[in-house]
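Quick notes on the structure that follows.
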Amino acid sequence: DGGITQSPKYLFRKEGQNVTLSCEQNLNHDAMYWYRQDPGQGLRLIYYSQIVNDFQKGDIAEGYSVSREKKESFPLTVTSAQKNPTAFYLCASKDSRGLERRNTEAFFGQGTRLTVV
Amino acid sequence: GDSVTQMEGPVTLSEEAFLTINCTYTATGYPSLFWYVQYPGEGLQLLLKATKADDKGSNKGFEATYRKETTSFHLEKGSVQVSDSAVYFCAQFYSGAGSYQLTFGKGTKLSVIP
């Protein structure tokens, strides 16, 4: 079955550590997104990528890094520079080819809940 | 930048009540508009969408109409059920100047009581 998979579902990080959240999709989508969700804040865009080997900062990119070496994968690293990393992280992908990019919806993974201990 | 504004929650309704969740967008031109639903501990699922002015999206009894004149995409349902309890997100997708951003509102939590 096609879909988008995030792992792990729960992640605990010690202060000062970097951690990497995985996001894999087999939908053949070009565009992929990372969002952070906090209570009362909705979804805030961290990074997005429209094509392999290219990505752009979103609204809250500080303290995060990404890579897009393969079309299927868009891992997010939460670095020690991120002062308040405890949150629910959501990855999404979307077909962004040609004129159909307007009509297609984004598909979401099940999320990763990161907690700093 | 472009943003989406939706009504603050939480919203608590009795079963079979009428639901409206307001949403307005700011993207210029003709963005595509979406409503997503999130159940506890899960990712977002598409509820409905509309891609041009005056389009009406509908699914599972929910409806929303793309109103260009008021830049709105309000979500409605005539008779809510307990199983509709979730958080609802309005979103816009706009592609321009080589940028394809998908922007969400803050979400509205709906609780339906028997």
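The values are calculated or read from the model by the stated rules, or taken from the named source; none is laboratory data. Everything quoted here is computed from the prediction, not taken from an experiment. Glycine also receives a Cβ, built like all others from the backbone with ideal geometry; neighbour counts cover every protein chain displayed. Each accessible area value is taken on the protein alone, full model and side chains, heavy atoms only, with ligands, DNA and RNA left out. Shrake-Rupley method; radii C 1.70, N 1.55, O 1.52, S 1.80 Å.
What does the charge count near B:Glu16 come to, summing +1 for each Lys or Arg and -1 for each Asp or Glu among other residues with Cβ under 12 Å from its Cβ?
Value of the local net charge: -1.
Might you work out the accessible area of A:Glu72 for me, using a 1.4 Å probe with all protein chains in place, and round it to the nearest 10 Å²?
90
Take every Cα pair under 8 Å in chain A that's 6+ residues apart, average their separations, divide by the length, and report that relative contact order as a whole percent. Let's see the in-between values first.
Numbers: 294 pairs, mean separation 39.7, N = 117.
This gives 34 percent for chain A.
Rounded to the nearest percent, how much of the accessible area of segment A:48-117 (1.4 Å probe, protein heavy atoms only) is carbon and sulfur?
Numbers: 1650 of 3340 Å².
Whole-percent figure for carbon plus sulfur exposure: 49.
Give the interface area between chains A and B as buried accessible surface, both sides summed, probe 1.4 Å, in Å² to the nearest 100. Before the final figure, lay out the partial values.
Numbers: alone 6770 and 6240 Å², together 10920 Å².
Protein heavy atoms only, the A-B interface buries about 2100 Å².
Can you tell me the Rg and the Dmax, both Å, for the Cα atoms in chain A?
13.7, 46
Under a cut-off of 16 Å between alpha-carbon atoms, report the lysines in cross-link reach of B:Lys60, not counting same-chain residues fewer than 8 places apart.
Partners within reach: B:Lys49, B:Lys77.
When the solvent-accessible surface of protein heavy atoms is calculated with a 1.4 angstrom probe, in what order do B:Ile113, B:Ile21 fall, highest first?
Working: B:Ile113 80, B:Ile21 0 Å².
From most exposed to least exposed: B:Ile113, B:Ile21.
Rank these residues by their accessible area, most exposed first, probe 1.4 Å: B:Thr20, A:Thr5, A:Thr104. Could the numbers behind the result be given before it?
Numbers: B:Thr20 50, A:Thr5 85, A:Thr104 30 Å².
Output order, biggest surface exposure first: A:Thr5, B:Thr20, A:Thr104.
When ligands, DNA and RNA are left out and all protein chains stay put, how many square angstrom of accessible area per residue does segment B:1-97 have with a 1.4 Å probe?
On the way: 4470 Å² over 97 residues.
In whole numbers, segment B:1-97 has 46 Å² accessible per residue.
Just how far, in whole angstrom, is segment A:34-88 from segment B:48-108 if you go by their alpha carbon centroids?
Each part reduced to its Cα centre gives a spacing of 24 Å.
Excluding residues on the same chain fewer than 8 positions from A:Lys14, give the lysines whose Cα lies under 16 Å from its Cα.
Output for A:Lys14: A:Lys83.
Taking chain A as a Gaussian network, Cα atoms linked when under 10 Å apart, which of A:Pro39, A:Pro75, A:Pro85 shows the biggest mean-square fluctuation?
A:Pro39
Within straight cross-link reach of A:Lys57, meaning Cα distance under 20 Å, which aspartates and glutamates are found once same-chain residues fewer than 8 apart are removed?
Straight-line reach from A:Lys57, under 20 Å: A:Glu24, A:Asp30, A:Asp38, A:Glu69, A:Glu72, A:Asp95, B:Asp2.
Mean-square fluctuation check for chain A, GNM, Cα pairs under 10 Å: which of A:Gly40, A:Gly16, A:Gly63 is largest?
Ranking A:Gly40, A:Gly16, A:Gly63 by mean-square fluctuation puts A:Gly40 first.
Let me check against my output: what whole-number percent is the relative contact order of segment A:53-103, with C-alpha pairs under 8 Å and at least 6 apart?
Numbers: 39 pairs, mean separation 12.7, N = 51.
Here the relative contact order equals 25 percent.
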